[in-house]
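Before any comments, here is the structure.
The values are calculated or read from the model by the stated rules, or taken from the named source; none is laboratory data. Keep in mind that what you see is a predicted model, and the values were worked out from it rather than measured. Please note: Cβ atoms are built from the backbone with ideal geometry, for glycine as well, and neighbour counts cover all protein chains shown.
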Amino acid sequence: MPSESASSVFVVRGLAKTYVMGEVSVPALQDVDLDLYSGELVVLLGPSGSGKSTLLNILGGLDRASAGEVVCDGWNLTRAGDRELTAFRREVVGFVFQFYNLIPSLTARENVAIVTEIAADPMAPHEALDLVGLGGRLDHFPAQLSGGEQQRVAIARAIAKRPRVLLCDEPTGALDSSTGVIVLQVLERINRELGTTTAVITHNAGIAAMADRVVQMSDGRIQSIRENGSRLAPSELSW
C-alpha cells in the first residue's frame, strides 16, 4: 500500500484510445484516471478486451493516446515525439511480456547484455541474472532453458538497466501454475529489493492478492481500485 508520502510515478488523466479501422472506430480505453506510486506493486485485472494491454502500452510509450494526458516522472508522454518516446523506453521502463522474445543464438548472459550495452547505468548481466536466480545458467542458450527460466532471463534483461518502472503483460500466461509462482516470486523480489514500481497485467484473479493495489478493468474503463490490507507471498497464492 502506498504511504501518504509516496510520490506518483505515473499520473494518468482522462486517457482515451480509439482504434480506427476503415470506417469503424473501436474504443479501447475511455476516461481512465490512474496514479501509480513509487515502489508499489499493482495488478491490473480484467478479461481479454478490457483495455489492460492498451493501457500498459501507452504507459510504456509503445502506443499513443487518442486523448487525455500521461505524465511519468516528468516525462509528458502525450506530448512527446518519437525520439523522446524512444529515450523514455530506454531510460525509464522495463518490459516483460507473455512470450520471452529471447534471441535463440545468444546465451542468457548475452541476451541481457543487449540491454546493458545501451543503458546509462546498468547492472552487469551476471548481477541481473543472479537476482532472478539464474547465476548458474549464464552461458546456457534459450533452448537449454525451461519456459520459466526463459521468462526469468527476460525479467533480468528488463531490470538490468535499472528501470524506474517495470511493466509486465501476462508474465505467467504461458506457464503452468507452479512455474508461474517462481516467476511471480522473482517479480516480488525485484519490487521489494530494488523498489521498482511494478505493474502486472493478468486475467487471473488469484494473482491479485500479491499486490498493494488491484485495478479492475472492463470495457476500456477502470471499474474499481482497491487496496490490499496486506500482500500475500506468491507461494501463498492459489489459482
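Checking each residue in the stretch 222-239 for being part of a loop (DSSP other than H, G, I, E, B) and of a type outside the set (Lys, Arg) picks out Asn228, Gly229, Ser230, Leu232, Ala233, Leu237, Ser238, Trp239.
Filtered by the rule that a residue be touching a residue at least 60 places away in the same chain (Cβ under 8 Å) and on the phi > 0 side of the Ramachandran plot, the stretch 158-210 gives Glu170, Gly195. Taken over the stretch 44-66, the criterion of being of a type in the set (A, V, I, L, M) and under 25 Å from Glu91 (Cβ atoms) is satisfied by Leu44, Leu55, Leu56, Ile58, Leu59, Leu62, Ala65. Every condition in (1) within 26 Å of Leu134 (Cα to Cα); (2) at pLDDT below 95; (3) touching an Asp or Glu at 6+ places or on another chain (Cβ under 9 Å) holds for Thr198 except the one numbered (2). Among residues of the stretch 206-221 being under 18 Å from the mean Cα position of the chain (by Cα) and part of a strand (DSSP E or B), the one that is nearest to Val26 (Cα to Cα) is Met217. Quick check: anything in the stretch 20-35 within 24 Å of Ala211 (Cα to Cα) and under 17 Å from the mean Cα position of the chain (by Cα)? Within the stretch 20-35, one or more residues are within 24 Å of Ala211 (Cα to Cα) and under 17 Å from the mean Cα position of the chain (by Cα).
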